[in-house]
1. Just one of 36, 103 is open to solvent by 100 Å² or more (accessible area, probe 1.4 Å), outside any helix (DSSP H, G or I) and at pLDDT 85 or above; which is it?
2. Exactly one condition in (1) open to solvent by 100 Å² or more (accessible area, probe 1.4 Å); (2) in a loop (DSSP other than H, G, I, E, B); (3) of a type outside the set (A, V, I, L, M) is not met by residue 67; state its number.
3. Exactly one of (1) open to solvent by less than 100 Å² (accessible area, probe 1.4 Å); (2) over 28 Å from residue 91 (Cα atoms) is unmet by residue 56. Its number?
4. Of the residues 24, 20, only one is assigned to a helix (DSSP H, G or I), under 24 Å from the mean Cα position of the chain (by Cα) and modelled with pLDDT under 85; which?
5. Would you confirm whether or not the range 81-95 contains a residue that is in a helix (DSSP H, G or I), open to solvent by less than 90 Å² (accessible area, probe 1.4 Å) and at pLDDT below 85?
Amino acid sequence: MTGFLFAFAAVAVLIAGLLSYVASSQPDGLDATTQRGCTVVQVDGAEQLQGDCIAKNAKEHHLAKSPLAGYTIDGDNKLTGVAGVLGVAAAFAVLFGVVNLIRTGRKNHAGSEST
């Protein structure tokens, strides 16, 4: 089972690291749907929505300025693959922690029943 998990992790890292560079820069389905009825225009070097759409009411997320926001590292699009690899590593670290907590709980529970 451990071999499978390592192989799965390796494939996930390869996909995140390599395919991130060929991903579309166009809005995904949710973004495109919320922007229906608006047009994106450049105003003073920044994009702005004009028209009537759901996206005009959107607020910036409180983590929008974080180091890995927007699938980049500090906004550098050249580091998209690195951000993908870091995201996969973080997800596997959380998974590893949760699995270890469950294992520890089961061992403690089994040990208390035998006494």
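The values are calculated or read from the model by the stated rules, or taken from the named source; none is laboratory data. Here the structure is a predicted model, which means the values were calculated and not measured. Each accessible area value is taken on the protein alone, full model and side chains, heavy atoms only, with ligands, DNA and RNA left out. Shrake-Rupley method; radii C 1.70, N 1.55, O 1.52, S 1.80 Å.
1. On the way: 103 fails: outside any helix (DSSP H, G or I).
Of the residues listed, the single one that is open to solvent by 100 Å² or more (accessible area, probe 1.4 Å), outside any helix (DSSP H, G or I) and at pLDDT 85 or above is 36.
2. Answer for residue 67: the failing condition is (1).
3. Exception for residue 56: condition (1).
4. Details: 24 fails: assigned to a helix (DSSP H, G or I).
That would be 20, the only listed residue that is assigned to a helix (DSSP H, G or I), under 24 Å from the mean Cα position of the chain (by Cα) and modelled with pLDDT under 85.
5. No; the residues of the range 81-95 include none that is in a helix (DSSP H, G or I), open to solvent by less than 90 Å² (accessible area, probe 1.4 Å) and at pLDDT below 85.
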